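These notes concern the structure reproduced below.
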Amino acid sequence: MRENIIFTDLAKELQAKAREIADKHVRPGAKKYDDLQEYNWEAARAVAEAGLFRTFIPKEYGGHGAGILALAMVTEELAKADSGFGVAFAVNALGSFPIILGGTEEQKQRWLPSVARGEKLVAFCLSEKFAGSDASGLAVTAEEDGDHYVIRGEKKWTTNGGVADIYSVFCVTDPTSKSRRISAIVVEKGTPGFTVKKVEDKMGIRCVPVVETHFDNVRVPKANLIGGKPGMGFKHAMMTLDLARPGVAAQAVGAAQGALDLALVYANRRQQFGAPISSFQMVQKMLADMAMKTEAARWLVYACAGAVDQGAAEKVSKYAAMAKCFATDVAMEVATEAVQVFGGYGFMEDYPIAKFFRDAKILQIYEGTNQVQRMVIARHLIREANELEHLAAYIPNEVQNTYRDGALITHSRKSEPAQR
Ligand code: CAA
């Protein structure tokens, strides 16, 4: 089913390398790093050596420039073995996209080649205690001081925090502006005043650190302002998320497939009533549903990622949100069903499936909750409905909105005149 024309040779080659690394370096350590809540450096080094960090970096800066679909395929393979490691990999793309999308030539030359080589890891600092879904409501400030910005405040839920060397930090540079309040600034590890204060104790994805980053009068040169022009930060954040969400969706496909694979192997071995439980129709229904949903999610993700690569322009946000929302809901459903297939054993941490269940939950939350994704999709749909005006002829007048001078007046009823 997967043999088709949309995959480049490069994407297939990267996917095969990722699968090999997942089998050799990710899956065997998944439980250990989850238990210890430690970063899997061994797997990260293998990813670097195989050149997989080059996947999302443009060719001019030492990358493969392989595109979002290739990034999704690589991420899926890694996440199939360990969903936590899937994000440990993909978050480097999330942190790099602001530089790739908005950085100056000098900034790209300065930071991207070391990311491509896997020498430097990257993090994305957008969320704060009081600014999660409402990403424009940031409080961290960056104040101009000569040739520098001085950053003050705290960021929350920084994935890769502590292990990363490069941080794309979103700060308020103009509190008086509505649309140009925010700028993105690169802060490098070791800059005085920049610290990791709290390493979160998480339900899942425990092999990758998620931390609070604190900025205590952190002075960074103005040369680190992404794009060299203030006020572009919110747009860059949104454009970044549009490119990164297919990666979360791919993590979800990997997680769903990983859980399904384990459930299948278990169901063929677990005997009850004198037969493998995979011979029972109720279990078969569960397995079949899990497989259908996973395959549907995979192809939505590939279609969306492929469309993004082909410059789907104004539809990028909608496609990215659809892929992220659908695939991550599927991952949660499939992981839940997989635990059910494992029965009592599924509830125990001795068995690998409990981790899939714990890891799946965050997929519906980070890089925009699935409520936010649905809102983004609906906003697009409502805008695009302008193209469907020819269908208005088929909607009876009695339920049509009444407009006067372009403004909505009321929903008119047959018996009542429209009122303002
Ligand atoms: N591309 C470019 N520009 C965009 C855009 C996009 N996709 N979406 C919005 N914009 C622009 C708008 O055009 C508008 O520009 P103007 O001011 O010039 O008109 C501006 O941004 C404001 O847009 P909205 O009015 O639509 O913004 P909003 O305040 O209503 O918020 C939102 C929209 C979709 C809710 C957004 O805030 C959002 O995506 N929230 C979720 C944040 C998120 O995903 N956080 C996760 C952080 S990363 C993470 O999870 C951590 C990790 O490490 C894994």
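The values are calculated or read from the model by the stated rules, or taken from the named source; none is laboratory data. In this text, all values refer to a predicted model and were calculated from it rather than measured experimentally. Neighbour counts are summed over all protein chains in view; Cβ atoms, including those assigned to glycine, are modelled from backbone coordinates with ideal geometry. Side chains included, ligands, DNA and RNA excluded: accessible areas come from the protein's heavy atoms. Shrake-Rupley method; radii C 1.70, N 1.55, O 1.52, S 1.80 Å.
The table below gives the values:
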quantity: Check on residue 238, open to solvent by 10 Å² or more (accessible area, probe 1.4 Å), within 16 Å of the ligand (Cβ to nearest atom), within 27 Å of residue 304 (Cβ to Cβ) and not in a strand (DSSP E or B); calculated: yes
quantity: Among (1) within 20 Å of residue 11 (Cα to Cα); (2) modelled with pLDDT of 95 or more; (3) crowded, with 23+ Cβ neighbours inside 10 Å - the single one residue 308 does not satisfy; calculated: (2)
quantity: Count of residues meeting criterion [basic (Lys, Arg), touching a residue at least 12 places away in the same chain (Cβ under 8 Å) and farther than 21 Å from residue 365 by Cα] in region 155-203; calculated: 4
quantity: Any hit, region 292-300, residues being of a type outside the set (Lys, Arg), buried (at least 21 other Cβ atoms within 10 Å of the Cβ), in contact (Cβ under 8 Å) with a residue 60 or more places away in the chain and more than 30 Å from residue 177 (Cβ to Cβ); calculated: no
quantity: Test: residue in region 123-136 that is within 16 Å of the ligand (Cβ to nearest atom), of a type in the set (Asp, Glu) and either at negative phi or surrounded by fewer than 24 Cβ atoms within 10 Å (Cβ to Cβ) (or both); calculated: yes
quantity: Some residue of region 199-215 being more than 14 Å from the ligand (Cβ to nearest atom), assigned to a strand (DSSP E or B) and open to solvent by less than 20 Å² (accessible area, probe 1.4 Å); calculated: yes
quantity: Some residue of region 73-96 being away from the ligand (no atom under 12 Å from the Cβ) and touching a Pro at 6+ places or on another chain (Cβ under 8 Å); calculated: no
quantity: For residue 118: the one exception among (1) buried (at least 24 other Cβ atoms within 10 Å of the Cβ); (2) within 22 Å of residue 162 (Cα to Cα); calculated: (1)
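Residues are listed down the side, and each one gets a yes or a no for (1) in contact with a Phe, Trp or Tyr (Cβ under 8 Å, 6 or more places away or on another chain); (2) in the same structural domain as residue 359 (by TED's automatic domain parsing); (3) open to solvent by 10 Å² or more (accessible area, probe 1.4 Å):
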| residue | (1), (2), (3) |
| --- | --- |
| 111 | no, no, no |
| 158 | yes, no, no |
| 175 | no, no, yes |
| 179 | yes, no, yes |
| 195 | no, no, yes |
